[in-house]
Amino acid sequence: YAAKKSGHDAVVYDPASDRASDQNLSLLSELRQAVERNEFVLYVQPKIALSSTTVIGMEALIRWVHPERGMIFPDNFIPFAEKTGFIRVMTRWVLEQSAALCGQLLAQGIHLKMSVNLSTRDLLDQDLPNKFGDLLLRHDLTAASFCLEITESAIMDDPVRALQTLERLHAMQVELSIDDFGTGYSSLAYLKRLPVDELKIDKSFVMNMENDTDDAQIVRSTIDLGHNMGLRVVAEGIESVVVMKLLAEMGCDQGQGYFISRPMPAAKLADWISQWTPPALHAVQSAAIVE
Ligand code: C2E
Ligand code: MG
Ligand code: MG
Ligand code: MG
């Protein structure tokens, strides 16, 4: 305890934190190996226009298929990758794979916009816009093929530098989206200044909106807010046809969710699209909850 009070926390011996940092070191080396051994897999989840129910895009979602532990979901390694800076390697991998997929789909005549998640560290990387431009050149794509998703909290970590990066990406004509909208701490005054094209309503508000009046009202207000700011509004977490219909009636532009499709390996997307049969929303009984 005496050593701790002297202000050298980092070098104080503590068996508990020592074990924790051993674990962290091995996780970091496992992540590095995962790249070399091709253990990351690009999954994609389709995104549809709610008025026409046509597939208009997809979101890239990374998966780690570990040789012993099986499928590991991003919430279990992204925060760590973010903390250690390894996220930059991962983001590069995801962008590379996403661009390759876009190219393959275009060659089959399938034009979809690819949404890719960025994190705080990516936004603080002054070289990101250049790297992104280089990626487009190498894959013979235009910036219009992409939408980059950023959370409010990633922006608020360092709003000044984040805004610089976003302005540069925006100047390249790439679309920008605020992910998990409604869960962060950014003010509307700040949001107004961001060069974004899309608001993505967090799934925690969408998932139960057929049963929860408050959620339904939050979603409705967010759609109106987004539209009043000239933005496209997307709902994630659509798990039922009733929610899909409610969102369509509220004028929400686009949607994503397990009811439409779970995320799938990128290689399966073209087949999924050819088999996609949209639900007949007019035949679905509206819930009374939001009347
Ligand atoms: P996100 O960007 O908000 O992505 C949406 C998450 O909700 C995904 O979880 C998706 O599988 C899940 N989801 C989609 N529809 C539904 C639904 O109807 N119901 C429910 N319960 N969940 C649904 P996932 O793939 O586990 O990803 C979690 C988060 O990890 C993502 O949240 C994103 O923040 C992060 N992430 C995923 N891939 C990447 C990546 O390549 N780079 C970065 N920086 N972050 C990533
Ligand atoms: Mg996202
Ligand atoms: Mg989200
Ligand atoms: Mg999220």
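The values are calculated or read from the model by the stated rules, or taken from the named source; none is laboratory data. Only a predicted model underlies this, so the values are computations on that prediction, with no experimental measurement involved. Note that each Cβ is placed from the backbone with ideal geometry, even for glycine, and that neighbours are counted across all protein chains shown.
Is there a residue being crowded, with 20+ Cβ neighbours inside 10 Å, hydroxyl-bearing (S, T, Y) and within 17 Å of the chain's Cα centre (by Cα) anywhere in region 137-158?
Yes - at least one qualifying residue is present in region 137-158.
Residue-wise test of (1) closer than 25 Å to L225 by Cβ; (2) in contact with a strand residue (DSSP E or B) (Cβ under 6 Å, 6 or more places away or on another chain); (3) within 16 Å of ligand 2 (Cβ to nearest atom).
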| residue | (1), (2), (3) |
| --- | --- |
| S115 | yes, yes, yes |
| D125 | no, no, no |
| L135 | no, no, no |
| A143 | no, no, no |
| D157 | yes, no, no |
| V160 | yes, no, no |
| D180 | yes, yes, yes |
| Y185 | yes, no, no |
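Within region 160-196, which residues are over 22 Å from A144 (Cβ atoms) and within 16 Å of ligand 4 (Cβ to nearest atom)?
The answer is D180, F181, G182, T183, G184, Y185, S186.
For region 133-177, name all the residues that are modelled with pLDDT of 95 or more, in contact with a Gly (Cβ under 9 Å, 6 or more places away or on another chain) and within 16 Å of ligand 1 (Cβ to nearest atom).
C147
Considering only region 197-216, how many residues are buried (at least 23 other Cβ atoms within 10 Å of the Cβ) and more than 16 Å from ligand 4 (Cβ to nearest atom)?
Qualifying residue count, region 197-216: 1.
Can you tell me which residue among T142, T151, T183, T165 is touching a residue at least 24 places away in the same chain (Cβ under 8 Å) and either hydrophobic (A, V, I, L, M, F, W, C) or in contact with a helix residue (DSSP H, G or I) (Cβ under 6 Å, 6 or more places away or on another chain) (or both)?
Criteria check complete, one pass: T165.
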